[in-house]
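Visitor: Once you've had a glance at the structure underneath, I'll fire off some questions.
The values are calculated or read from the model by the stated rules, or taken from the named source; none is laboratory data. The structure presented is a predicted model; accordingly, all values stated were derived computationally and were not measured. Quick reminder, even Gly has a Cβ in these numbers, built from the backbone with ideal geometry, and neighbours come from all protein chains shown. Ligands, DNA and RNA are stripped out before the accessible areas are found, and what is left, the full protein with its side chains, is counted by its heavy atoms. Shrake-Rupley method; radii C 1.70, N 1.55, O 1.52, S 1.80 Å.
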Amino acid sequence: MLLSGKTALVLGIANRWSIAYAISAAYVREGAKLILTYQSERQKATVEDLSAELKAFKVLPCDVTKPEELDSLVSQLRIDAGRIDACVHSIAFANREDLSRPFLETSRDGFLLAQEVSAYSLVAVARAIAPLMPDGGSIQTLTYLGSTRVVTNYNVMGVAKASLEASMRYLASELGSKNIRVNAISAGPIKTASARAVKDLTKMLDAFAEHAPLRRNTDPAEVADTSVFLASDLGRGVTGNVIFVDAGFQIMGLA
Ligand code: 1JT
């Protein structure tokens, strides 16, 4: 029960395969009071079903690209929970064509869209939620190796993840004095609904498992357990970090 007495907000559950779902399940297992958000009416019913299954405390709407929705989320959280101890940002978006065409062809709109949804949203969420963490807390985001290495097709998302990781470090620096820790978990590739948008994903997962030191793919449950560690008091000394949960893949050169 590493999270007993803690309240956690998880943004970015879309379905049962979401990394945010695995994190939510692990948080409940460890005794946290869980609050989930959904992006739009289209996802509401799905997230409410998952919430019931997870025995979440609350489900609230929040499209992170809309400042007024972040404001009302905070007002509602004040009423429902009073404070938040952990907040997980598991949100990213890019246009499908930007994950298959050459990076050189990335449009201005596609570039800015990926930045807004996948990187700036962490800044907006941190600013909204920090006042709800009076005694400190843990803010986490999900990233991927494509931020610092060229991974075929990851393209505009890689640039957005680089921006996300740098944002995480600046936030960690500024929020440290409030005992709010900000970290990123860099997960190995996982077959989520988002990832299915990627050309040749299955081929990539096979190559990954072949070359990773642990000789297998990344399980969302092990990403979730690292998230539990960061949210818990065990993670109290860790801020501004990118923690790789990737079966060791990122250490490899030519294998
Ligand atoms: C998005 C998508 C963000 C897929 C993502 C993502 N972060 C990781 N993945 C999985 C992935 C994607 C690619 C890849 C390796 C892993 C899709 C929708 C938009 C946001 O490179 C080969 C492209």
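Visitor: When the helices in the chain are scored as -39500 (n - 2.57) per DSSP H run of 4 or longer and the sum is shared across all residues, what 222 nm value do you end up with, to the nearest 500 deg cm²/dmol?
Guide: Value at 222 nm, helices only, nearest 500: -12500 deg cm²/dmol.
Visitor: List the residues, sorted by chain then number, that are 5 or more residues from Ile91 or on another chain and whose placed amide H is less than 5 Å from its amide H.
Guide: Here Leu142 satisfy the definition.
Visitor: Right, next: Roughly how far apart, in whole Å, are the Cα centres of the range 1-48 and the range 97-140?
Guide: Cα centres, the range 1-48 to the range 97-140: 19 Å.
Visitor: Starting from 0.36 nm per residue, how many nanometres of slack lie between Glu116 and Arg216 once their C-alpha separation is accounted for?
Guide: Taking 0.36 nm per residue and subtracting the Cα distance, the gain is 32.7 nm.
Visitor: Full extension from Arg16 to Ser173: what is 0.36 nm times the residue separation minus their Cα-Cα distance, to one decimal in nm?
Guide: So the extension gain works out to 53.1 nm.
Visitor: Next question, about the same structure. Where Lys and Arg each count +1 and Asp and Glu each count -1, what net charge lies around Leu60 among other residues with Cβ under 10 Å from its Cβ?
Guide: Within the 10 Å Cβ shell, the charges total -1.
Visitor: Now a separate question. Can you list the aspartates and glutamates whose alpha carbon is less than 20 Å from that of Lys66, not counting same-chain residues fewer than 8 positions off?
Guide: Output for Lys66: Glu41, Asp109, Glu116.
Visitor: Using a 1.4 angstrom probe on heavy atoms only, work out the carbon and sulfur share of the accessible area of the range 7-246 in %.
Guide: 53
Visitor: At what distance in nm do the modelled label points of Glu53 and Thr152 sit from each other, each positioned 7 Å from its Cα along Cα→Cβ?
Guide: 3.4
Visitor: Mind giving me the nanometre distance, one decimal, between the label points for Leu254 and Asp135, set 7 Å out from Cα along Cα→Cβ?
Guide: Inter-label distance under the simple model: 5.5 nm.
Visitor: Once fully extended, how much extra length lies between Ala193 and Lys44, figured as 0.36 nm per residue of separation less the alpha-carbon to alpha-carbon distance?
Guide: Difference between extended and current length: 52.0 nm.
Visitor: Enter the accessible area per residue of the chain (Å², integer; probe 1.4 Å; all protein chains in place).
Guide: Heavy-atom SASA per residue in the chain reads 48 Å².
Visitor: Let me see the P(r) profile for the range 7-246: every Cα-Cα distance counted, bins of 10 Å, each bin given as a percent of all pairs.
Guide: Reading the bins upward from 0: 8, 33, 39, 18, 3.
Visitor: Still on this model: Among Lys203, Lys44, Lys161, which one shows the biggest mean-square fluctuation in a GNM of the chain, springs joining Cα atoms closer than 10 Å?
Guide: Of the options given, Lys203 has the highest mean-square fluctuation.
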